[in-house]
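K.L.:
One structure, pasted below without further comment.
What follows draws every value from the coordinates through simple rules; no lab data is involved. This is a predicted model, so every value here is computed, not measured. FYI the Cβ positions are ideal-geometry reconstructions off the backbone, even for glycines, and counts take in every protein chain you see.
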Amino acid sequence: MSSVIPVPRVAIVVVAAGSGQRLGAAAPKAFVGIDAHTVLRHALTGVFAAPQAQVVIVAPASRVGDALTDAHEAAGDRHDLVSVVAGGATRQQSVAAGLAAVWPDVEYVLVHDAARALTPPAVFARVIAALQSGRDAVLPVLPVIDTIKRVDGDAVVEAVDRASLTAAQTPQGFRRTVLDAAYAGASDDHTDDAALVQAAGIAVSTVAGDERAFKITTPADLERARTLVGQAAAPVGILPRVGLGTDVHAFGGDGTLWLAGLEWPGEPSLHGHSDGDAVAHAIVDAVLAAAGLGDIGTHFGTDRPELAGAHAAAFLTQTRGLVEAAGFQIGNVSVQVQANRPRFAARRAEAEAALTAALGAPVAVSATTTDGLGFTGAGEGVAAFAVALVVPR
Ligand code: CTP
Ligand code: MG
């Protein structure tokens, strides 16, 4: 296939090799999830929706494989245009590593921060158009909205006229020869490429940036990105759906108690098909109901002997598969147990972790007694009530 794709005159270097100190997540910033997809994957979605270009991703050396996975998913049938290289200790060194991988025939190079994950394709198109109209260096900018003050320590020195100020974004675009020369001659470290090129004496012109091209820097920025992506995923008219499930089992089963996905040695066991785990069964009913897929009997009837001794994980994992196959993602589940025993306080977190892992979505567990009233108060059995939320995908 590659022979039929013309060599693009544009390359986009996506720098994703930073550690994300200010974000403070467990993974390097570009590999943190916004939703089911990483920061890098979202950035690449914008890159591949822009005019066709060679794409060079610069990743931390330990993450080159992960970056390739994201790259191939985002590139689809254009995966021949993508490569991944390892970055350096500073952003400037990372850009230099990416530039070294740009194909010889490329005329224009855009440098883009993966951290600006939600940058719309139109910004790339504007930068490329300005380069094609003859500019050497192009910077997408946004007007500064806040009133800006110059300070000395905590004392305000003066107000700065914001009309002469602008906020710089990426992708920043350059005639390739200009950028190569600026990098070859660079001595100081600059925070962006436009500054480096300008230091080399090249005029930089501006095009309109976009608010969605903000850089994910702090945890609050990541929240903002998550909100924007969530809004896009749930267009008006496609609402989330809720479901309710309840289950009751009497004490008097064989073996040990299994409840909320945990084994409870020394506790009386519950009667019922499979292990009698009323918590798991209520969750399955709630999730299936939310997706409009019937109930536990529809999918896990007593005519399935392979489920006779099955525990929560088997039911929940299969339920998740059914719901996803029907086009839904599970949002979350809240489940309450009513019982005198077992006492959940000490194992609540453990139960939540087990159920969450099996279902692939957050499960919150609460437990209560019923002040001696009813069959749960009399210690005859256990009742569980679950509510689930699912979202169309
Ligand atoms: N970057 C890079 N190589 C570096 C440093 C930064 O490729 N050595 C990339 C980042 O991955 C990011 C972009 O440059 O996409 C902008 O940098 P920044 O937002 O500062 O990211 P980090 O350096 O990762 O974050 P922090 O400064 O908070 O550590
Ligand atoms: Mg940084």
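K.L.:
Going 7 Å from the Cα of residue 180 along its beta-carbon direction, which residues of region 96-117 have the amide nitrogen within less than 19 Å of the resulting point?
P.N.:
Zone members listed by number: 96-112.
K.L.:
On C-alpha positions alone, give me the angle between the axis of helix 312-325 and the longest principal axis of the chain, in degrees, nearest 10.
P.N.:
50 degrees
K.L.:
With r as the distance between the Cβ atoms of residue 325 and residue 89 and R0 = 56 Å, compute the FRET efficiency 1/(1 + (r/R0)^6) and round to 0.05. Spell out each step's value before the answer.
P.N.:
Working: r = 46 Å, r/R0 = 0.82.
Efficiency, rounded to the nearest 0.05: 0.75.
K.L.:
May I ask you to evaluate 6.51 cos²θ - 1.76 cosθ + 1.60, the Karplus curve with θ = phi - 60°, for each residue of region 279-294 and list the ³J(HN,Hα) values in order in whole Hz, giving x for glycine and proline?
P.N.:
My calculation for region 279-294 gives 5, 5, 5, 5, 5, 4, 4, 5, 5, 4, 4, 4, 8, x, 10, x Hz in order.
K.L.:
Counting only helical runs of four or more DSSP H residues, what would the 222 nm mean residue ellipticity of the chain come to if each run contributes -39,500 (n - 2.57) and the total is spread over all its residues? Could the numbers behind the result be given before it?
P.N.:
Numbers: 12 runs with 122 residues, N = 393.
It lands at -9000 deg cm²/dmol.
K.L.:
Dipole magnitude of the chain about its Cα centre, charges +1 at Lys/Arg Cβ and -1 at Asp/Glu Cβ only, in debye to the nearest 20? Write down the numbers at each step before the final one.
P.N.:
Values: 27 positive and 39 negative charges, 173 e Å.
Computed about the Cα centre, the dipole is about 840 debye.
K.L.:
Provide the per-residue ³J(HN,Hα) series for region 70-76, in order, calculated from phi with Karplus coefficients 6.51, -1.76, 1.60 and θ = phi - 60°, each as a whole number of Hz, with x at glycine and proline positions.
P.N.:
Coupling constants for region 70-76: 4, 4, 5, 5, 6, 7, x Hz.
K.L.:
Check residue 253: other-chain or 5+ apart residues with amide H under 5 Å from its amide H, H built from backbone geometry?
P.N.:
Under 5 Å from the amide H of residue 253 lie the amide H atoms of 269, 270, 271, each far enough along the sequence or on another chain.
K.L.:
Can you list residues from other chains, or at least 5 along the same chain, whose modelled amide H is less than 5 Å from the amide H of residue 84?
P.N.:
57
K.L.:
Figure the gain on full extension for residue 154 and residue 375 (residue separation times 0.36 nm, minus the Cα-Cα span) and round it to one decimal in nm.
P.N.:
Here the answer is 72.9 nm.
K.L.:
State to the nearest 20 debye the size of the charge dipole of region 234-392 about its Cα centre, where the only charges are +1 on K and R beta carbons and -1 on D and E beta carbons. Walk me through the numbers before you get to the answer.
P.N.:
Numbers: 7 positive and 15 negative charges, 83 e Å.
It comes to approximately 400 debye.
K.L.:
Right, something else. When all C-alpha to C-alpha distances in the chain are sorted into bins of 20 Å, what percent of pairs does each bin hold, rounded to whole numbers?
P.N.:
Calculated over all Cα pairs of the chain, the distribution is 23, 39, 26, 11, 0 percent.
K.L.:
Let me ask you something else. Is the C-alpha gyration tensor of region 234-392 telling us rounded, prolate or oblate? Criteria: a/c under 1.5 is rounded; beyond that, a/b larger than b/c is prolate, otherwise oblate.
P.N.:
Details: a/c = 1.94, a/b = 1.54, b/c = 1.26.
Prolate, since a/c reaches 1.5 and a/b exceeds b/c.
K.L.:
Starting with the highest mean, order 128-135, 44-51 by the number of other Cβ atoms within 10 Å, averaged over the residues of each peptide.
P.N.:
Numbers: 128-135: 16.6, 44-51: 20.4.
The most tightly packed comes first, giving 44-51, 128-135.
K.L.:
On full extension of the chain, what length is gained from residue 242 through residue 318, given 0.36 nm per residue of separation minus the C-alpha to C-alpha distance?
P.N.:
25.5 nm
K.L.:
Out of residues 5 or more away from residue 167 or on other chains, whose amide H comes under 5 Å of its own, with H placed 1.01 Å from N in the peptide plane?
P.N.:
Amide H to amide H, under 5 Å and 5 or more residues apart or across chains, residue 167 pairs with 142, 144.
K.L.:
Moving on to the next point. How high is the relative contact order of the chain, in percent, with contacts defined as C-alpha pairs under 8 Å that are six or more residues apart? If you can, show how the numbers build up before the last one.
P.N.:
Numbers: 827 pairs, mean separation 53.6, N = 393.
Relative contact order comes out at 14 percent.
K.L.:
Which length gain, in nm to one decimal place, applies between residue 256 and residue 77 when the Cα-Cα distance is subtracted from 0.36 nm times their residue separation? Don't jump to the answer; show the numbers that get you there.
P.N.:
Working: separation 179, 0.36 × 179 = 64.44 nm, distance 5.34 nm.
Extra length from residue 256 to residue 77 when fully extended: 59.1 nm.
K.L.:
Projected onto the charge dipole of the chain (+1 at Lys/Arg Cβ, -1 at Asp/Glu Cβ, origin at the Cα centre), which of 262, 290, 43 gives the Cα projection farthest towards the positive end?
P.N.:
Of the options given, the answer is 43.
K.L.:
Using Cα atoms only, what is the angle between the long axis of helix 219-233 and the major principal axis of the chain, expressed in degrees (0 to 90) to the nearest 10?
P.N.:
70 degrees
K.L.:
Taking +1 at the Cβ of each Lys and Arg and -1 at the Cβ of each Asp and Glu, which of 369, 203, 323 sits farthest along the dipole of the chain towards its positive end, judged by Cα position relative to the Cα centre?
P.N.:
In the chain, that residue is 203.
K.L.:
Here's something else I'd like to know. Go through region 169-179 residue by residue and turn each phi into a ³J(HN,Hα) via Karplus (6.51, -1.76, 1.60, θ = phi - 60°); whole Hz please, and just put x for glycine and proline.
P.N.:
Karplus values, whole Hz, x for Gly and Pro: 10, 10, x, 9, x, 9, 4, 4, 4, 5, 5.
K.L.:
Once the dipole of the chain is set up with Lys and Arg at +1 and Asp and Glu at -1 on Cβ about the Cα centre, which of 139, 25, 346 lies farthest towards its positive end?
P.N.:
Of the candidates, 139 comes out farthest on the positive side.
K.L.:
Place a +1 charge on the Cβ of each Lys and Arg in region 72-197 and a -1 charge on the Cβ of each Asp and Glu, then give the dipole magnitude about the Cα centre in debye, rounded to the nearest 20. Don't jump to the answer; show the numbers that get you there.
P.N.:
Working: 10 positive and 17 negative charges, 55 e Å.
Rounded to the nearest 20 debye, it is 260 debye.
K.L.:
Can you give the FRET efficiency to the nearest 0.05 for residue 226 and residue 271, using r as the Cβ-Cβ distance and R₀ = 45 Å?
P.N.:
On the way: r = 44 Å, r/R0 = 0.97.
The pair residue 226/residue 271 has a calculated efficiency of 0.55.
K.L.:
Given the options 32, 141, 365, state which has the largest fluctuation in a GNM of the chain using a 10 Å cut-off (strictly under) for Cα springs.
P.N.:
Of 32, 141, 365, the most mobile in the Gaussian network model is 365.
K.L.:
Quick one: if you stick a label point 7 Å off each Cα along the C-beta vector at residue 163 and residue 36, how many nm between them?
P.N.:
Each label point lies 7 Å from its Cα, and together they span 5.1 nm.
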